[in-house]
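Reading through the structure tokens given below for one structure.
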Amino acid sequence: MPGKFAMILVVLLAAGGNPGLPAEPVLAARPVPLPGGAAGIGFDDLFFSPTLKKLVVPAGRSGKLDLVDPSSAQVAAIEGFTSKDQFGGGHGEGTTSADEGRGLIFANDRTSNSLLVVDAGTLSVVARAPLASASDYVRFVEPTGEVWVTEPDKERIEVFSLPATGAPTPSHAAFIPVPGGPESLIIDAGRARAYSNHWKGFTVAIALRERKVVETWPNGCTGSRGLARDAVRGFLFVGCAEGKAVVLGLDKGGAVLDSLEHGSGVDIIAFNPELGHLYLPGARSATMAILGVAPSGRLALLGTVKTATGSHCVATDDRRQAWVCDPDRGQLLRVVDTLAGTGPQVKSQEVSP
């Protein structure tokens, strides 16, 4: 398409069994290759950092932690993680989860079973610490200055403290038992809570300072997977592996407010607070649903994206874009969300390629 990539191609499907009702639009996805990714990358967790203004992509087998500029799609690769020549599927190699805070990036390395600390200014590894067991999610807890790492094989979260001065080497501080989990991890500093899932049927709230599970809520999932949050409206979103999104009301005792089924093989989900859109990728269905979230918490299917088999994770940025992982090709799929927003503050913004 000529000119700037400000508008994405929208293909309107023919209305199937409901004459006169338009079908949901299908948005196109544009591939963004990553360094060393051609052989495939075992993606899992990825996120946009408002501080760094970059998409942070733990790139598994490639041995790199990639920082992607959302406006130009240029990539800065941070070395120092375990690499493998061949991609055997899954996401059990190299770095697969990260978070940032205090000018540092904290990332796991599944192969070496360690927690690495990267200086966000120099993009170099400055410290590392051993993990007690196999890791999954890494999250920085700003109110306590800790790093939490989920260790689902042992049904627990390992807590690391950071020194006040000197090298930022994490040290083991505690374990938080999460029987039946933990799957996914999201920090809610405003409510002094963290949220995680049991693998089946339940979501838990964990007190940050007390380091213990304080509430358990049924979520209606056969397989509980990813989490996302609407901080302004107090919604917690759960992705269900069978192909469903569930809305829990944080100010309503974790009650289920709504759910919507779409796709299959759902894992990591994402929410754009500006647009009020929830993104639900399905690895088996090779699709991603874009859901509008009403002020009541009700969900509506706004549109879909054709992705790729295995595309189970997504992150959003501050430019009306969603970034979907494509493990077999070792790349990201960049989607410009041109659909009408349902959030409290909606604005349009031009996006360059």
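Things worth noting here:
- Placing unit charges on each Cβ (+1 for Lys and Arg, -1 for Asp and Glu) gives the chain a dipole about its Cα centre, and among PRO33, LEU291, SER114 the Cα reaching farthest toward its positive end belongs to LEU291.
- The Rg/Rh ratio for region 28-123 is 0.95, where Rg is the radius of gyration of the alpha carbons and Rh is the Kirkwood radius.
- Region 68-151 pair-distance distribution - Cα-Cα, 5 Å bins, rounded %: 3, 14, 23, 23, 20, 11, 4, 1, 0
- For the chain, accessible area per residue (1.4 Å probe, heavy atoms of protein chains only), Å²: 39 Å²
- Share of carbon and sulfur in the accessible heavy-atom surface of the chain [1.4 Å probe, %]: 53 percent
- Pairwise FRET efficiency - THR51 versus SER71, Cβ, R0 = 25 Å, nearest 0.05: 0.95
- Volume of the convex hull of region 79-222 (Cα atoms only), normalised per residue: 111 Å³.
- Cα-derived Rg over Rh, computed across the chain with Rh taken as Kirkwood radius: 0.95
- Peptides ranked, highest mean first, by Cβ atoms within 10 Å: ranges 76-85, 305-314: 305-314, 76-85
- Residues of region 106-126 with amide N under 11 Å of a point placed 7 Å along Cα→Cβ from ALA167: 126
- For peptides 95-103, 140-148, sequence by mean Cβ density within 10 Å, most packed first: 95-103, 140-148
- Taking max minus min of the alpha-carbon positions on each principal axis, region 188-230 gives extents of 30, 21, 12 Å, largest first.
- Sparse-neighbourhood loop sites, GluC sites (Glu not before Pro) in region 196-253 - DSSP loop, at most 11 other Cβ within 10 angstrom: GLU210
- Ordering of 269-275, 119-125, 35-41 by packing [mean C-beta count within 10 Å, highest first]: 269-275, 35-41, 119-125
- P(r) weight above 17 Å for region 215-353, C-alpha pairs, percent: 55 percent
The values are calculated or read from the model by the stated rules, or taken from the named source; none is laboratory data. Source: prediction; values computed, not measured. Note that we place each Cβ from the backbone using ideal geometry, even for glycine, and neighbour counts take in every protein chain shown. Note: areas computed on protein heavy atoms with side chains; ligands, DNA, RNA excluded. Shrake-Rupley method; radii C 1.70, N 1.55, O 1.52, S 1.80 Å.
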